[in-house]
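Below: the structure, in structure tokens.
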Amino acid sequence: MPSSFTCLAIIWSGWLVSWLLAARWTAKTVARQSTSSRIAQSGLLWGGAALLFLRPTGSGFLTRSPYPLAAWVGWSGVALTVLGLGFTGWARVHLGRFWSGAVTLKAEHALIRSGPYALTRHPIYTGLLLAMTGTALARNSVAAVVGLGLFVVGVVLKVRQEEGLLTEHFGAAYRVYRAEVPALVPGLW
């Protein structure tokens, strides 16, 4: 039987390939976040992901285990990762051609409020945060916990940038949506 680490590598690789293939079918971009704001949030996201996925070498502080690892903990992390990536997939398919890896507006952009977007305004980020939490749990290293923290900060910055762009574009309709649906965690206002 493969280890939880091997399963995580396969799961994330499959998700990444499907995500990159799906990126080919998006509408034309008509507005995009500034380069400086993209660099700020992307640096945190990529730095966090690197700490989560790349194993630090040596025996320094980053390689330490923050908690005792039992097999069930690693497999629980795998389960959370699958659940989170499944949620991102549902949200990505539901968003369709309006999806983008950057904060953008697409041609004929519509405000989507159904499916996973009825549960949270940013279900792709919600799913990614759940998947990254599962990965950090399974990785069991200080590096993974720090990486998760950086990733969370990057997501929060990206959400703020996206909220500003969507509020500017959709006006009152988006303000109503913000009042009715939580940003990231379903059930929490």
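No other residue among Leu45, Leu52 is open to solvent by 20 Å² or more (accessible area, probe 1.4 Å) and either in a helix (DSSP H, G or I) or not charged (D, E, K, R) (or both) apart from Leu45. Considering segment 76-96, and only residues there that are in contact with a Pro (Cβ under 9 Å, 6 or more places away or on another chain) and among the hydrophobic types (A, V, I, L, M, F, W, C), the residue that is surrounded by the fewest Cβ atoms within 10 Å (Cβ to Cβ) turns out to be Trp90.
Contact map, segment 3-20: residues that are at pLDDT 90 or above paired with residues that are exposed (fewer than 13 other Cβ atoms within 10 Å of the Cβ), Cβ distance under 9 Å, separation 6+ or inter-chain. Pairs shown: Ile10/Pro2.
Yes/no per residue for (1) in contact with a Leu (Cβ under 7 Å, 6 or more places away or on another chain); (2) at pLDDT 95 or above; (3) surrounded by fewer than 18 Cβ atoms within 10 Å (Cβ to Cβ):
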{"position": "Tyr117", "(1), (2), (3)": "no, yes, no"}
{"position": "Ala143", "(1), (2), (3)": "yes, no, no"}
{"position": "Leu148", "(1), (2), (3)": "yes, yes, no"}
{"position": "Lys158", "(1), (2), (3)": "no, no, no"}
{"position": "Ala173", "(1), (2), (3)": "yes, yes, yes"}
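Within segment 66-75, the set of residues being modelled with pLDDT of 85 or more and either open to solvent by 80 Å² or more (accessible area, probe 1.4 Å) or small (Gly, Ala, Ser) (or both) comprises Trp72, Gly74, Trp75.
Can you confirm whether segment 165-174 contains a residue that is in a helix (DSSP H, G or I), within 19 Å of the chain's Cα centre (by Cα), under 24 Å from Ala110 (Cβ atoms) and not aromatic (Phe, Trp, Tyr)? Yes, because at least one residue in segment 165-174 is in a helix (DSSP H, G or I), within 19 Å of the chain's Cα centre (by Cα), under 24 Å from Ala110 (Cβ atoms) and not aromatic (Phe, Trp, Tyr). Please work out if Ala179 is more than 19 Å from the chain's Cα centre (by Cα) and free of Cβ contacts under 8 Å to residues at least 12 places away in the same chain. Yes; evaluated as a whole, the condition is true for this residue.
The values are calculated or read from the model by the stated rules, or taken from the named source; none is laboratory data. What you are looking at is a predicted structure, and each value in this text was computed from that prediction instead of being measured. As a convention, Cβ positions derive from the backbone with ideal geometry for all residues, glycine included, and neighbour counts pool all protein chains shown. All accessible areas refer to the heavy atoms of the entire protein, side chains included, with ligands and DNA or RNA removed. Shrake-Rupley method; radii C 1.70, N 1.55, O 1.52, S 1.80 Å.
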